[in-house]
1. I'd like to compare 145-151, 16-22, 66-72: which one has the highest average count of other Cβ atoms within 10 Å, and what's the full order after that?
2. Residue by residue through the range 11-25, what is 3J(HN,Hα) from phi via Karplus (6.51 cos²θ - 1.76 cosθ + 1.60, θ = phi - 60°)? Round to whole Hz and write x for glycine and proline.
3. Rank these residues by their accessible area, most exposed first, probe 1.4 Å: Lys92, Lys63, Lys86.
4. Might you tell me the accessible area per residue for the range 39-90, computed with a 1.4 Å probe and given in Å²?
Amino acid sequence: MNGWQRFAILLLCCFAVMVCYPDFDASGWTFIGILIAMWTGGILVLSIISNMFGIYRLETFNKFISLLFIAAVMYTLLWYFPQEDKVTPINKLKYGEFPTKADINKGFKRLTFNFDFLHRTVRSSENFINQDMDGEKVKKEIKKKVSKKTDELVDSIQIDVE
């Protein structure tokens, strides 16, 4: 397994934990960023050592190192991934709180962008800027609001005449 494949596995592990345990706040995003940066450095060192000693040619040993890499990434994610309730994912698993389908759906919603709202808001007529409007009705409404605000301002102004 080369460095790019290990990096893809790193991103996949981070994505899986973020989907299964979606109850994280801004510190979760910071943690994932730092974890990806740290493990990317580890991947670079592992790749350099692998190339220096020719470990990439030993298929069994290379698979073993990749398995250790995946285990180490999952260990750091599950033991240290911050949650809002201050209970790490490994402790949740230890006490039998496995991710439910609702958690996974919430995780997917949290990590995806909702393109549906664009369709919904564009199709409704109140969002068009250049739409056909009844000019007289709009003028009356504007005059009504302006006169109301003017009356409020006049009532609020107090002039002391001496």
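1. Top to bottom by mean Cβ count within 10 Å: 16-22, 66-72, 145-151.
2. 5, 5, 5, 4, 4, 4, 5, 5, 6, 6, 10, x, 8, 10, 10
3. Lys86, Lys63, Lys92
4. Per residue, the range 39-90 has 65 Å² of solvent-accessible surface.
The values are calculated or read from the model by the stated rules, or taken from the named source; none is laboratory data. For clarity, every value in this text was computed on a predicted model and none was experimentally measured. Glycine also receives a Cβ, built like all others from the backbone with ideal geometry; neighbour counts cover every protein chain displayed. The area values use the complete protein model at the heavy-atom level, side chains included, leaving out ligands, DNA and RNA. Shrake-Rupley method; radii C 1.70, N 1.55, O 1.52, S 1.80 Å.
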